[in-house]
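Reading through the structure tokens given below for one structure.
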Amino acid sequence: MKISFLIHNVCGIGGTITTTFNLAQALADRHDVEIVSVLRSRDQPALTPDPRIALRFLVDQRHEKDDALYREPARVFPAAEYRYREYSRLTDQRIAAYLETTDADAVVGTRPGLNVHLALQAPDRVARIGQEHLTLERHSPRLRTALRPAYRRLDVLTTVTEADARAYRRMMSLPRVRVEALPNSVPDPELPPADGRAKLIVAAGRLVPVKRYDLLIHAFAPVAAAHPDWSLRIYGTGPQRDALRALIERLGLSNNAFLMGAATPMEAEWVKASIAASAASFEPFGMTIVEAMRCGLPVVSTDCPHGPAEIIADGTDGRLVPTGDRDAFTAALLELVRDDERRRTMGRAALENAARFAPGTVVEQAEHLLAEAVAARAAGRRTPRPPGGRTRALLGHGFAARDLALTAAARARRTLRKDHR
């Protein structure tokens, strides 16, 4: 199969980009794979793609901001989507042109707004797979209303947890769409796993409020007081850095808790530790939890919606504590800090249990979903796209005939021949 991933901007840093690169690389072992980035904001992406994976860009933000269409609001990308302000009539045209001329058997959209483009504009011969990396409950009612009619045009919709898949099946009325949980994968570690001897707790992720690093630091304070030879390292960057540094100083933890900045890859930092921690109030999946477990670390995590409880077996390979409960978090950390054998046993269990998130396991499920969707399209088991009037209604912004004309094959081929690398 030829598989194409449509992504927002590979030049950034984030879980969706990492997950897309991981899955694309695993699929490239047996398939022709490309990643199409709608936007380009710098010379090279943050992650280096596998050389077998073709990478192309549709709109170069560095050089095309003077285009008149770049300054006009998007008419296809839903206005209620978080990234709407970064989209325009120019992105409308370029995405439509790409979809019009793609030779992919299946196109995978990686965020709600791009799934809308895919559902409404992909040719009938192309299997349409939409991915949701957040959760349905995090989408505003306005966005859900915009997504529902478009998502009915998809062949497959994947979520990262079974809990979210159940929510989509129950609440979105997608009777002809296959809704499946497809967890994120984490590459096989290259370093020996942690041995549980280091007196170090590690956490990683964006320094933003939802990650609740403030709670983690507060919860760690009694640990440091009782066991001053233990340290906490937090990896990542973000707007809360100064506030968290001030909190560390105010609690007298400057010799025990450290903001380490970004680290890539994180594997080398995970294996130095003995415990991983995640205090988030919301976690659509929990990529860092899986990363840590694949490096042999037990994880102490809040039992927040949706991911941690589907990853961690409480008491076996980590601990789950009530969301926002500082005292419970402290108690779980102390339990592992004080019991060397329990900590190491949990670490070994984490390494074994997290193997289900290895690329081979996840890619087998992804291949099955893709192959069935492609076969169904080839057999004509999907209804044709709605007529122009219905399409315009679904797009919500009056996707005019002029826009449709601009995606004619001849124009699209000229557009896509440009080398945006």
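Observations on the structure shown:
- Per-selection metrics, region 20-149 (Cα): Rg and Dmax in Å: 15.0, 42
- As a rough guide to protection, the peptides 256-266, 20-30 ranked by mean Cβ packing within 10 Å, highest first, stand as 20-30, 256-266.
- Spin-label zone in region 151-173 - amide nitrogen under 17 Å from a point set 7 Å from the Cα of Asp124 along the C-beta vector: 153-155
- Label-to-label distance, Glu310 versus Asp242, with points set 7 angstrom from Cα along the beta-carbon direction: 3.8 nm.
- Estimated at 0.36 nm per residue, the fully extended path between Val210 and Ala331 surpasses their Cα-Cα distance by 41.4 nm.
- Gain upon complete extension [Arg348, Ala68; 0.36 nm per residue less C-alpha separation]: 95.0 nm
- Between Asp229 and Glu162, the C-beta separation translates, for a Förster distance of 51 Å, into a calculated FRET efficiency of about 0.80.
- Difference of contour (0.36 nm per residue) and Cα-Cα distance, Arg138 to Met1: 46.0 nm
- For a straight C-alpha distance cut-off of 13 angstrom, the aspartates and glutamates reachable from Lys2 (same-chain residues fewer than eight places away being disregarded) are Asp29, Asp32, Glu34, Asp103, Asp105, Glu367.
- What separates the Cα centres of region 292-346 and region 167-200 is a distance of 17 Å.
- Computed E for Arg356/Ala54 - FRET, C-beta separation, R0 25 angstrom, nearest 0.05: 0.25
- Label zone at Tyr82 (point 7 Å along Cα-to-Cβ), backbone N below 19 Å, region 199-239: 204-214, 236-239
- Of the trypsin sites (Lys or Arg not before Pro) found in region 139-191, those that fall in a DSSP loop while having at most 11 other beta-carbon atoms within 10 Å are Arg176.
- Gyration tensor verdict on region 91-206 (Cα atoms; rounded if a/c is under 1.5, prolate if a/b is larger than b/c, oblate otherwise): prolate
- Relative contact order, whole percent, for the chain stands at 17, derived from Cα pairs under 8 Å and 6 or more residues apart.
- For region 192-254, trypsin sites (Lys or Arg not before Pro) are listed when DSSP marks them as loop and at most 13 other Cβ atoms sit within 10 Å of their Cβ; the list is Arg197, Lys199.
- Computed label-point distance, nm, for sites Asn255 and Asp195 using a 7 Å Cα→Cβ extension: 2.7
- With helices as the sole contributors, the chain gives -11500 deg cm²/dmol at 222 nm; each DSSP H run of n ≥ 4 counts as -39500 (n - 2.57), and the sum is divided by every residue.
- Gyration tensor (Cα) of region 200-357, equivalent ellipsoid semi-axes in angstrom: 21, 17, 15
- Globularity ratio of the chain, using Cα Rg and 2.2 N^0.38 Å: 1.04
- From most to least packed by mean Cβ count within 10 Å, the peptides 44-51, 271-278 give 271-278, 44-51.
- Amide H within-cut-off set for Val10, under 5 Å, with H built and near neighbours excluded: Leu39
- For Asp32 and Arg176, a Förster radius of 35 Å and the Cβ-Cβ distance give a FRET efficiency of 0.80, rounded to the nearest 0.05.
- Partners of Lys65 within straight-line reach, counting aspartates and glutamates whose Cα lies under 15 Å from its Cα and excluding those fewer than 8 residues away in the same chain: Glu86, Asp92.
Taken together, the values in this text are just the output of simple stated rules run on the coordinates, not laboratory data. This is a predicted model, so every value here is computed, not measured. Reconstructed Cβ throughout: ideal geometry from the backbone, glycine too, with neighbour counts over all protein chains shown.
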